1. Considering only residues that are crowded, with 20+ Cβ neighbours inside 10 Å, in contact with a Phe, Trp or Tyr (Cβ under 9 Å, 6 or more places away or on another chain) and among the hydrophobic types (A, V, I, L, M, F, W, C), look in the range 354-376 and name the one that is nearest to MET413 (Cα to Cα).
2. Checking the condition touching a Lys or Arg at 6+ places or on another chain (Cβ under 8 Å) and in contact (Cβ under 8 Å) with a residue 12 or more places away in the chain, which residue from ALA342, ALA348, ALA367 passes?
3. For a quick check of your reading of the model, give me the residue pairs whose first member lies in the range 580-607 and is within 22 Å of LEU570 (Cα to Cα), whose second is part of a loop (DSSP other than H, G, I, E, B) and among the acidic types (Asp, Glu), with beta-carbon atoms closer than 6 Å and at least 6 apart or on different chains.
4. Take PRO530 and tell me if it is in contact (Cβ under 8 Å) with a residue 60 or more places away in the chain, surrounded by fewer than 21 Cβ atoms within 10 Å (Cβ to Cβ) and part of a loop (DSSP other than H, G, I, E, B).
5. Of everything in the range 492-527, what is polar (S, T, N, Q), surrounded by fewer than 20 Cβ atoms within 10 Å (Cβ to Cβ) and in contact with a Pro (Cβ under 7 Å, 6 or more places away or on another chain)? Give them in sequence order.
6. When you check GLU308 against the structure, is it over 30 Å from THR459 (Cα atoms) and exposed (fewer than 12 other Cβ atoms within 10 Å of the Cβ), yes or no?
7. Hey, can you tell me all the residues within the range 461-486 that are touching a residue at least 60 places away in the same chain (Cβ under 8 Å) and touching a helix residue (DSSP H, G or I) at 6+ places or on another chain (Cβ under 6 Å)?
Amino acid sequence: MNTNALEKVALSIRALTMDAIQKANSGHPGLPLGAAELGAVLYGELLRHDPSEPKWPDRDRFVLSAGHGSMFLYSLLYLAGYQDITLEDIKNFRQTGSPCAGHPEHGLLAGIEATSGPLGQGIAMAVGMAIAESMLGARFNTDKRTVVDHHTYALTGDGCLQEGISAEASSLAGHLRLGKLIVFYDSNRITIDGSTDITFTEDVAKRYEAYGWQVLRGSMYDFEEILRLTGQAKAESEKPSLIILSSIIGKGSPKKQGSSEVHGSPLGPEEVSAAKAGLGIPPGPAGEFYVAPGAAEYFKAKAKTWKEAREAWRAEFEAWSRENPDKRKEWDSFHSGKAIPADPPVFAAGDKIAARTAGNKVLAAQAGANANLVGGSADLKSPNAVGIPDGGVYGAASRSGRYIYFGIREFSMAAISNGIQLHGGLRSFCATFLVFSDYLRPALRLSALMKQPVIYVLTHDSIFVGEDGPTHQPVEHLASLRAIPNVRVFRPADAEETACAWAMAMERQDGPTVLALSRQNLTVFPKEDPDWKNTIRTGAYIVKNSGASAGETGEPPDRVIIATGSEVGLALEAAEAAGGKVRVVSMPSRELFESQPRAIQETIIPPGARVITCEAGIRTGWERWAKPEDILSIDRFGESGPAAKVAEALGFTAGALARLIKK
């Protein structure tokens, strides 16, 4: 270990951080200044990575959970030689179009393993990555060859550890004995409001010991100690490790270090100058965006070592491939990102089956075709109907299992699923009741932001859950999920639609899909559109034309009922009762349909027709398609009672819809 060179790297991190944040007049200098030594030793001595091949499958993963300290990461990516970040990018920190965004964004720069910033989610995503590493290792490593063997690191702070999601994820990580997960805790005892003494006085070490973690302590400013502690963490295979490093926030800032003033605001020109003078950085232009002599040379020398390690892995991988051609073929399939089409179960018109039950049959088919499909639910395996037949249970004793018991941890379940997906090689899903999407929504939002195709199976999708009452009857949830950009919501109306929705979810590669599935039985209905399995891919299709309407005489309908989920059956019953030229349209994915060209939309919903919408939820968003008086919705909380009685009490029946149609 070259201590002198590491000191130069740490100095460079501080210099780049101060200038980038000051130039932007925005940012969080406290963490990068306070944890620069960890950054130097992490990227220089600890991480198994190669900036010239940043997506090397067996690289170590690093997640900056405390994403507000993003200049910590950008400085290190630049110094270490990641090729798609330039000094100009750093000079444009937090500016429109710069890949050096305010918080790290996955996809903008190689080396950013996850989008972070919403505190605590980074830890949970790191847990997911560690789970993925162990799953893939169990599947692909052989007695003779090891092709999956890396660690997952994360850097967290006081803020992350105050968020509840870190407790959820850390509890599960300890239970699962994820020995290859190592979390550094930048313990500077400062948050935006001031000292942690005002809010956060628990014994973090004891908490993590209770979770089943190995807890180690040291100084942020002792390179040898950090190396020693990390070695100790890597030697512990049965427990994840928390390395608590005592630090000084904003270290190097003469007047502001150790205070909340340096947490989230630029130092100011005078303090930057004073800090540079104290650190020995040249004044004036020579000291602007300064990289200390020796820092770049240190990383250039490391580049050879990194490349040799990667090439050694590649040689092992090629030898493994020759010895295990079937496994290599499966490896390539796992890492392609593409789903293998599955033969769905066959359902017949008239079958009565809940969408969740049909979904389980389809999941079984998808899991049979796609051996990398993994996931689980938040203590609702049976109610969500998401078991994987013959998939086995993942746990400390069996890393080869594909079903994960997440426990009652909806938020961390979703964030962990993001981590599994981000790792590569696996396709993740998770499940809970639709009403509890409130608990996991921030992680679903990150799925969408990161364009990760996590599948969310959300059952018990309406007031028709009945006796559980308004606490478990979602009414605003479909609208709230549709409001998140890049989230695709499917609410299938019967078992056949459920199979199509699952297939489209598996095919999608650029964002998450929500499958909102019914608890109650739904009757499989005949579809008038003979090509409906293709038409449904637009988000909507014609289920039935009643009377002398299109499909019989070529005349357009004068009324169109748009319904989703269980309400399609309601609409068919109401249309029959209402009579006249009525078209029933199933719209399982409103936002997908709304993204179609106008010509496609008008084929299904002809201009000039009166449009009535029917969905067991709030009306928000349906105003685009129907006048307020033509929307049958539920704009209040539900009731506790048998499903049919609840619907009657809320005025949500086929009779009520028929009266609206005839109005």
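The values are calculated or read from the model by the stated rules, or taken from the named source; none is laboratory data. In this text the structure is predicted, and so the values were computed from the model without any measurement. Counting neighbours? That spans all protein chains shown, and the Cβs are built from the backbone with ideal geometry, glycine included.
1. VAL374
2. Numbers: ALA342 fails: touching a Lys or Arg at 6+ places or on another chain (Cβ under 8 Å); ALA348 fails: touching a Lys or Arg at 6+ places or on another chain (Cβ under 8 Å).
Matching residue, one of ALA342, ALA348, ALA367: ALA367.
3. LYS581/ASP558
4. Numbers: in contact (Cβ under 8 Å) with a residue 60 or more places away in the chain: no; surrounded by fewer than 21 Cβ atoms within 10 Å (Cβ to Cβ): yes; part of a loop (DSSP other than H, G, I, E, B): yes.
No: the conditions fail for PRO530.
5. Residues of the range 492-527 that are polar (S, T, N, Q), as a first pass: 498, 509, 513, 518, 520-521, 523.
With surrounded by fewer than 20 Cβ atoms within 10 Å (Cβ to Cβ) added as a condition, the list becomes 509, 520-521, 523.
Listed by number, the list holds a single entry, GLN509.
6. Details: over 30 Å from THR459 (Cα atoms): yes; exposed (fewer than 12 other Cβ atoms within 10 Å of the Cβ): yes.
Here the answer is yes, as GLU308 does meet what is asked.
7. Once the filter is applied, which keeps residues that are touching a residue at least 60 places away in the same chain (Cβ under 8 Å) and touching a helix residue (DSSP H, G or I) at 6+ places or on another chain (Cβ under 6 Å), the range 461-486 yields ASP461, ILE463, PHE464, GLY466, GLN473, PRO474, HIS477, ARG482.
Residue-wise test of (1) in contact with a Cys (Cβ under 8 Å, 6 or more places away or on another chain); (2) aliphatic (A, V, I, L, M); (3) farther than 18 Å from LEU660 by Cβ.
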residue	(1), (2), (3)
LYS527	no, no, yes
ILE542	no, yes, yes
PRO556	no, no, yes
VAL560	no, yes, no
GLY579	no, no, no
MET587	no, yes, no
GLU591	no, no, yes
GLU594	no, no, yes
